[in-house]
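First the structure, in the form of structure tokens, and then the observations on it.
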Amino acid sequence: MTTATEASAVTPVAAARKLSYVKAFNEGLAQAMREDENVFVAGEDVAGYGGVFRMFDHLLDEFGPRRMIDTPISEAALVGLGVGAAARGLRPVVDLMFMDFMGVCLDQIVNQAAKMKYMFGGALSVPLTITTASGAGLGAAAQHSQSLEAWLAHVPGLKVVMPSDAYTAKGLTVSAIRDDNPVVIMLNKVLLGSAGEVPEEIYGIPLGQAHTARHGCDVTVIALGRMVGEALAAAGELAAEGVEIEVIDPRTVQPLDTETMFASVRRTNRVLVVHEAVTFGGLGAEIAAQIQDSVFDYLDAPVLRIGAPFSPVPFSPVLEKAYVPDRARIAQGCRRLLERS
Amino acid sequence: MAQRASTASKESTQVSTQVIKDLHERMVRIRLFETEAGKLMEAGKLPGFLHLYVGQEAVAAGVMAALRDDDQITSTHRGHGHAVAKGVGLREMYAELYGRVTGACLGRGGSMHINDLTRGMLGANGIVGAGVPIAVGAAFAARYKGEDNVAVTFFGDGATNIGAWHEGANMAAILGLPVVFVCENNGYAEFTPQSGHMLLTDVADRAAAYGMPSVVVDGMDAVAVHRAATEAVERARSGAGPMMIEAKTYRYFDHQGVKGLRHPYRSDEEVAEWKARDPIDLLEARAVADGTATRAELDDVWQRTRDEIADAIAYAEASPLPDPADLLLNVYSG
Ligand SMILES: Cc1ncc(C[n+]2csc(CCOP(=O)(O)OP(=O)(O)O)c2C)c(N)n1
């Protein structure tokens, strides 16, 4: 493997090198650990085993047991360990394996990590990173498949990022670790093996900056996490019909870059928001409301939301497939928006 | 104040021929259910995750044989063995693994969530430790209603590191509820050995912190487990409060699925050592030696169960899939 400096000397930005989403995450984490001695990782089976999703593969070899810590199954103590260590100046990365397991340690995330800086009058910060795998699609059923970003994005003091591909997985990971706030990284389980071009050098993607994944003039599709890929696939389908959709990937859902969205709405006048989480009370509602607050006069149709039905995630693959939004539903949503003149 | 009950002795005293046959049948059913499920998973026929129970059969069989049908259990992510031993139908169980609408959860739950209220099976659980307080609640309900059933909660060694476990144990103890805590200590939490996640040798020591008596038994000996469970269940039923049983056991397959470890976390020798004390072999050898059963009688149990398993798999495969139009079914009551 070439070093970061060699690589950047040859190809300053995007080396034409493909890496899987999970390897991109792993590389970003390793580079952030090299960059800062205060970064350590703790979680269940993260060190010796390398993480059940291979997220932490080989990190024990390089960083040793001082910085790669296997913990008991004790999520409340695990996040609390991260909060306390962060309050004392370390930069912990704690892993919750499946996002659903947040259920057993929400107090430490919501009442402790998120509020500590505020309640200490700004005297300290909590540079804690929580990594976890979210999303349906593996037949993992109701307690291992949720997308709970709305819970977290609702809590002042937390930041939430949702990488949509390998490139963002690495860049957002690096930024989350460098950030002085508690940040939750939601890695999508279905995307873990998907490959994309990833620069070899360390790079951060600014938190709170949306990315226009595709330019178009007819409809703006704001898609979260895995839905970005589905939206891009829908865009291909619609292009064949002469419809050009613009796809916006917020990348970070807290803070949310609304300016990029508003600018797009001013050009396209039609908006569809799509996420994997249930529609009710999901981020689609927040995004739609903000668009109506700020750029209502530019809209030619009400903002449309697509998400999951108001049900736990079902197990049976036929039900799970019907449950999670896909490219067909996104394309159909865009057509519906265009039918309103 | 570690209170250890007297049943810690490994020597199993006399149990009736009928109990031996009962334990044997329950173990064979679990073994065959699980090995066939493993094959189906390897053949790519089952979606989702599969945490197999093979090796631990003596625990489920020994405990369940001490329970009545209306006693309640809560289970774990590794729950098939408990469900089979509690009498959940094999057809409903396979249909659930296949995601069919005829399954125990109508295809909504899968392997990790099998339940059956008609058999007092309050559910396998995808969240480690979550079943513990639920069993405490079931026991509370029994006493509240003036019924004499007990609740048993199964959990692994790893699960006793979860806050819910400790809160549940203390709650059961202070309220004096009819709950039996059964730790299936297979030595690992996923890929982490017990020594890597707690400093105790006997998980049962944790019970003492809550004033709960406990006992450690050989989890490969169904008779020993059964005797301890009978004592704990009778104790709970008589109103004397909760008790904990720690059964030292082993799982033969991987944490999830059947095989395919990229990082070996235990040696082949270790697996072989435990397999040499296979719970079914042990019971069969003893039964034949002391004349409780003939080899032919034991073989007959295997054959009958094989037929039943084949029927259940055929039933599952022939069952319809759920209808996506029913996606919102059962989200709410009423
Ligand atoms: C709250 C929670 N944390 C983590 C997990 C992931 N997980 C599933 S099984 C398991 C290990 C459980 O070990 P143990 O309780 O000893 O049971 P065993 O698998 O050995 O039967 C872990 C960590 C989970 N399902 N729930």
Stretched fully, the stretch from B:Glu297 through B:Asp326 gains (0.36 nm per residue minus C-alpha distance, one decimal, in nm) 5.8 nm
Where does each of B:Arg26, A:Arg305 land when they are ordered by accessible area, with a 1.4 Å probe and the largest first?
-> A:Arg305, B:Arg26
Using just the helices of chain B, give the 222 nm mean residue ellipticity in deg cm²/dmol: DSSP H runs with n ≥ 4 each add -39,500 (n - 2.57), and the total is spread over all residues, rounded to 500.
-> -13000 deg cm²/dmol
B:Arg266 versus A:Ala263: modelled label distance in nm, points set 7 Å from Cα along the beta carbon direction = 5.7
Can you list which of the GluC sites (Glu not before Pro) found in region B:130-232 are DSSP loop residues with at most 12 other C-beta atoms within 10 Å?
-> B:Glu147
Proximal aspartates and glutamates relative to B:Lys39, as straight alpha-carbon distance under 12 Å, when same-chain residues fewer than 8 apart are discounted | none
Ordered by residue, what ³J(HN,Hα) values in Hz, to whole numbers, does region A:137-150 give under the Karplus form 6.51 cos²θ - 1.76 cosθ + 1.60, where θ = phi - 60° and Gly and Pro are x?
-> x, 10, x, 8, 6, 5, 9, 9, 9, 7, 10, 10, 4, 5
Amide H contacts under 5 Å for A:Val184, placed H, 5+ residues apart | A:Ile130, A:Lys159, A:Val160, A:Val161
Surface accessible to a 1.4 Å probe, A:Asp36 within the full protein complex, Å² | 40
Is region B:267-334 best put as rounded, prolate or oblate by its Cα gyration tensor, with a ≥ b ≥ c the root eigenvalues, rounded for a/c under 1.5, and otherwise prolate when a/b is larger than b/c, oblate when not?
-> prolate
Considering every residue in B:312-324, what mean count of other chain Cβ atoms within 10 Å of its Cβ is obtained?
-> 2
Would you tell me the accessible area of A:Val161, worked out with a 1.4 angstrom probe on the heavy atoms of the protein chains, in Å² to the nearest 10?
-> 0
Divide by every residue of chain A the summed helix terms, -39500 (n - 2.57) for each DSSP H run of at least 4, and state the resulting mean residue ellipticity at 222 nm, rounded to the nearest 500 deg cm²/dmol.
-> -10500 deg cm²/dmol
For peptide B:109-121, how many partner chain Cβ atoms fall within 10 Å of a residue's Cβ, on average?
-> 2
Provide the solvent-accessible area of B:His51, counting protein heavy atoms only and rolling a 1.4 Å probe, rounded to the nearest 10 Å².
-> 10
Which ³J(HN,Hα) values, rounded to whole Hz and listed in residue order, are derived for region B:246-251 from phi using the Karplus coefficients 6.51, -1.76 and 1.60 in 6.51 cos²θ - 1.76 cosθ + 1.60 with θ = phi - 60°, glycine and proline given as x?
-> 10, 9, 7, 9, 7, 9
Holding the Cα-Cα limit at 26 Å, pick out from A:Lys18/A:Lys159; B:Lys21/B:Lys86; B:Lys45/B:Lys259 the pairs that are longer than that.
-> A:Lys18/A:Lys159
Could you work out, residue by residue across A:55-65, how many beta carbons of other chains sit within 10 Å of that residue's beta carbon, and then give the average as an integer?
-> 0
By the gyration tensor of its Cα atoms, with a ≥ b ≥ c the square roots of the eigenvalues, what is the shape of chain B: rounded for a/c under 1.5, prolate for a/b over b/c, or oblate?
-> rounded
For region A:15-63 and region A:75-110, compute the distance between their C-alpha centroids and round to whole Å.
-> 18
How much length is gained if the chain between A:Glu37 and A:Glu241 is pulled fully straight, taking 0.36 nm per residue apart and subtracting their Cα-Cα distance, in nm to one decimal?
-> 68.1 nm
Of all stretches in chain A that avoid GluC sites (Glu not before Pro) placed in a DSSP loop and having at most 13 other Cβ atoms within 10 Å, the longest is A:38-240
In chain B, what percentage of the DSSP-assigned beta bridges are antiparallel, given to the nearest 5?
-> 10
Region A:218-274 to region B:89-161: how many Å between their Cα centroids?
-> 43
Cut-off under 5 Å, modelled amide H: who pairs with A:Ile306 long-range | A:Val273, A:Val274, A:His275
Determine the order of B:Trp302, B:Trp165, B:Trp274, A:Trp151 by accessible area, beginning with the largest, at a probe radius of 1.4 Å.
-> A:Trp151, B:Trp274, B:Trp302, B:Trp165
Buried on assembly, region A:132-161 (at least 10 Å² less accessible surface than by itself, 1.4 Å probe) | A:Leu138, A:Gly139, A:Ala140, A:Ala141, A:Gln143, A:His144
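The values are calculated or read from the model by the stated rules, or taken from the named source; none is laboratory data. Given the structure is predicted, the values throughout are model-derived calculations rather than measurements. So basically every Cβ, Gly included, is an ideal-geometry build from the backbone, and we count neighbours across all protein chains shown. Side chains included, ligands, DNA and RNA excluded: accessible areas come from the protein's heavy atoms. Shrake-Rupley method; radii C 1.70, N 1.55, O 1.52, S 1.80 Å.
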